[in-house]
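Asks: The following block contains the structure, expressed as structure tokens.
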Amino acid sequence: MGSIAAEAIARQPDITYTPDFAKYQARTHLRLQTETLSQTGLPSGYPQHLVSDLVWEGEGLAQKYDWIYKLTAEQIEELENALTHFKSLGKPMGYINEENFPLPNLHAALREISKELHFGYGFKVVRGLPVERHSREDNIIIYAGLSSHIAPLRARQDSKYDEKPADVVLNHIKDLSSGHEKAQIGTPAYTADKQVFHTDTGDIVSLFALSTAVDGGRSRLASTWKVYNELAATRPDLIETLSQDWIADNFGNANQSYTTRPLLFFQPATTKSPERIILQYARRYFTGFGALPRSTEIPPITEAQAEALDAIHFLGERFNVGLDFQRGDAQYVNNLAVFHARDGFKDSAEQQRHLVRLWLRDPEYAWETPEPLKAKWAQLYDGVTPDSQVFPLEPFVRSASKGIEKGKAESGSA
């Protein structure tokens, strides 16, 4: 095993979770000088150019698209009434749905937001949820209730809670690096560090701001369709690389040390849907992070894959739009066509950035799941019942993000 490990260490490209632009440029220069790279050929069937509202860049976007949906006083009152109604039922939080959290007037607007996510620009921010009025539990009920009208299916983000089997459908995004969890953290979600561009898992990723940082923490979004068009025009060989199988670290899973699948998928147009590109990846599965370093006992990524990881990140930075979270904002993002990042931030003892996250799916408008992702989607959505759902009220490091010695990887990303 030692020789295999040594060979893997020797062959793994010089790449870390934090992208290095100078190394990226050097790698690109070397590959262009020493390798014969296709400048014209895309994978079979892949489009030369995507045309859609989902193709956008941050510069000038605010002039043509208003991504803020500001709640009115009447709509906030309707949310308050729905909260009172749900609590009167005496049901567990897993029973939060359109029927049990009724929003007869706001419902139509929330369904339009779902359309925007699937067929428009791919993201929206609902602003004005009355966080300051409520306990954390009531805020989570309001957030889950509002979200159920946008996308009614909640995904499991962890399969155990308090060391017992459970379908954890809500996750806290907060800096836990100063506490006892520090040695366990294998993802920047639980630090104040910058997060590089990535996708989560599932159709829609949503974040709700219970409180914001003293400084920094800006959410950044970028259109993967815009990134695709740029690469198709300038480096089609990297489209080919992204569409091939990649070896993703499973971080200590004793039954399966790594998984293999493409990062990029193409879906041709049908009578019911336009042609689509889907990107699904998180950089840490190929570079490691913190308490979850990349295993030296699995095949390394290639130089082409290392360049592709940097290329899509730096194009994401080039084309991104920055969204300043306000307390009470709920952000919804099409996780199949828009990837996201986060600036580093600073907290204080009095004010700390604290978001909660849902992974969602809207069966009415959902995109077809690519075949290589169906097993993962089944882990997310199948068998999640109202009685099995858990909405933790306090932050913790979920299983998929813990160091190998503390817990084995399970479903998830980010």
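Asks: Measure nothing but the geometry: give the 0 to 90° angle between the long axis through the Cα atoms of 21-34 and the longest principal axis through the Cα atoms of the chain, rounded to 10°.
Replies: Tilt relative to the chain: about 40 degrees.
Asks: Could you tell me which of Phe325, Leu358, Pro392 has its Cα farthest along the dipole of the chain towards the positive end, charges placed at Cβ (Lys, Arg +1; Asp, Glu -1), taken about the Cα centre?
Replies: Pro392
Asks: Less than 18 Å apart at the alpha-carbon level, and either on another chain or at least 8 residues along: which lysines does that give for Lys160?
Replies: Answer for Lys160, where 18 Å is the Cα cut-off: Lys376, Lys402, Lys406, Lys408, listed by chain and number.
Asks: Something else: Rounded to whole Hz and in sequence order, give me ³J(HN,Hα) for the range 355-369 from the Karplus expression 6.51 cos²θ - 1.76 cosθ + 1.60, θ = phi - 60°, writing x for Gly and Pro.
Replies: 10, 10, 10, 10, 9, 10, 8, 10, x, 5, 10, 4, 6, 5, 7
Asks: Continuing with this model, one more query. Which value in Å is the Kirkwood Rh of the range 158-208 over different Cα pairs?
Replies: 12.9 Å
Asks: Round to the nearest 10 and give me the degree value, 0 to 90, for the angle of helix 2-11's Cα axis relative to the longest principal axis of the chain.
Replies: For helix 2-11, the angle is close to 90 degrees.
Asks: Cα convex hull of the range 178-285: mean projected area in nm², to one decimal?
Replies: Over every viewing direction, the Cα hull of the range 178-285 projects on average to 10.4 nm².
Asks: So if I place +1 on the C-beta of Lys and Arg and -1 on the C-beta of Asp and Glu, and nothing else carries charge, what would the dipole magnitude of the chain be about its Cα centre? I want it in debye, nearest 20.
Replies: 320 debye
Asks: Checking a compactness column here: for the chain, what do you get for Rg(Cα) / (2.2 N^0.38 Å), N being the number of residues?
Replies: 0.97
Asks: If you don't mind, another one. Give the long-range amide H neighbours of Arg235: residues separated by 5 or more places, or on another chain, with amide H under 5 Å away, using H modelled in the peptide plane at 1.01 Å from N.
Replies: Correct list: empty.
Asks: While we're looking at this one, here's another question. Nearest 10 degrees is fine. How inclined is helix 224-234 to the longest principal axis of the chain, computing both from alpha carbons?
Replies: Long axis of 224-234 versus the principal axis of the chain: about 20 degrees.
Asks: Right, here's the next one. Quick one: give the max-minus-min coordinate of the C-alpha atoms of the range 115-215 along each principal axis, largest first, in Å.
Replies: 42, 37, 33
FYI, it's all coordinate maths here, none of it is from the lab. Here the structure is a predicted model, which means the values were calculated and not measured. When we count neighbours, we look across all protein chains shown, and the Cβ atoms used for this are built from the backbone with ideal geometry, even at glycine.
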